[in-house]
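Asks: Please find one structure pasted underneath; my questions will follow.
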Amino acid sequence: MSVDKPGPEATPPARGDLAQNEVQSLFAQRLAEAFASLGCFNLAVFGKTGVGKSTLVNAVFGSQVAETGLGKPVTRGLVYYRHPGGLLGLYDSEGFETGASGDEILAVLRSRVAESRALPVDQQIHAAWYLVRWSDRRFEERQGDFVRALADLGLPVIMVITQVPSRDGVPHPEALELAQYIESLGLPLRPGGRALLTNALEDPFTASPVFGLQELLDATYLVVPEVATAALTAVQILDWERKRQAAKTIINQSVALAAGVGAAPIPFSDAALLVPTQVTMIARITAAYGLPADRSRTLAAAGAVVLTGGATMAGRYIATNLLKFVPGGQVATSAISATVAGSLTRAVGGAWARVCEYALALPPAERDRFLAGSGPKELFLAYFTGKRR
């Protein structure tokens, strides 16, 4: 379908077609709504200097939150960062030590938590990670008092022992002993009073691999309220299956809506009547994958697909090339039925989800180049037409 402004000899747009600026405006609106609907996952991270807070956060969320986010000092030793994508808020206790600074942090947190109880749930602190470096080989009484104070505020506290070396899948025995000692103290830890052993960065010298991150993420899902899980799923980079399931849910919902449009069969020439549903679906999938955090780049990437090679041409394409999506392998009439509309929308959603997953797997610099060029449109069409599996 041409999206150029019709000239004197141009063929008038088919009934139901949308102008380029209309689709672009619709997509911008739907994309903003999709990100906003995810809310924000707010995490507080505590631990002494050198415990590896930034390394752990970057390993789970895949972004330099403190470097690219907007930092707002809360008190001495505590800064709140809101990542530009809006999906992750981080209370970072950089430079935190137990003692006077810990008492000051707790005083501010008490005030923050009390104030937040009157705010929407997505503006509250959803979880706290308390980090202990295994090589310290000790856990002080003041640290235990701090953990108990956090729990008294109503915060679910997950104990994380960091930088743990391992060999053949077995953590260092002294790290295991430290975990057992902490667990013996009966601290109010979630889930189940356990201390989780992790290593967020591979050590080429000792050959210690990365491990324990998925267990930490799973533990975090167990304690956060349901309203924050969508943002957590979008912003984390470890569990791809959770992202795929979120996209699958969105696609299924969109298929049902598209089938409703096709319940009164529409001509193939009016395939653009499906565009609002498909634009909304693509925007929601993009947000669900958390790709990218910068919404302007997301708009450029996904908007190019919709406008120059995606949903607006899909109805005509299925008429001649996608008979495999139609039950029986043939089109009985020159109309889009509920079944065809649903199948078409599922194909569009599935192809775009694969584009998101492909881009998310790229290194950041390469991802930026991919999104800035024609890559998204070309890859979408390759997946959509079955030329790439």
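Asks: Pairs 53/243; 53/248; 248/387; 248/377: which exceed 31 Å Cα-Cα?
Replies: On the way: 53/243 24 Å; 53/248 33 Å; 248/387 22 Å; 248/377 21 Å.
Result: 53/248 exceed 31 Å.
Asks: How would you order 110-122, 365-377 from highest to lowest mean count of nearby Cβ atoms within 10 Å?
Replies: Values: 110-122: 12.6, 365-377: 15.7.
The packing order, highest mean first, is 365-377, 110-122.
Asks: Subtracting the Cα-Cα distance from 0.36 nm times the residue separation, let me have the gained length for residue 222 to residue 206 in nm, one decimal. Present the calculation step by step, with values, prior to reporting the outcome.
Replies: Details: separation 16, 0.36 × 16 = 5.76 nm, distance 3.27 nm.
Between residue 222 and residue 206, full extension yields 2.5 nm more.
Asks: Under a point spin-label approximation (7 Å from Cα along Cα-to-Cβ), what is the residue 244-residue 389 distance to one decimal in nm?
Replies: 1.6
Asks: Something else about it: Which order, highest average first, do 280-286, 337-343 follow once you tally other Cβ atoms within 10 Å for each residue and take the mean per peptide? If you can, show how the numbers build up before the last one.
Replies: Numbers: 280-286: 26.7, 337-343: 21.7.
Order by mean packing, descending: 280-286, 337-343.
Asks: Run the numbers for residue 339 and residue 114: contour at 0.36 nm per residue of separation, minus the present Cα-Cα distance, in nm. Please list the in-between numbers first.
Replies: Working: separation 225, 0.36 × 225 = 81.00 nm, distance 5.20 nm.
Contour length minus Cα-Cα distance gives 75.8 nm.
Asks: Residue separation times 0.36 nm, minus the C-alpha to C-alpha distance between residue 374 and residue 141: what's the value?
Replies: Details: separation 233, 0.36 × 233 = 83.88 nm, distance 5.77 nm.
That works out to 78.1 nm of additional length.
No lab work stands behind these numbers, since they all come straight from the coordinates. In this text the structure is predicted, and so the values were computed from the model without any measurement. As a convention, Cβ positions derive from the backbone with ideal geometry for all residues, glycine included, and neighbour counts pool all protein chains shown.
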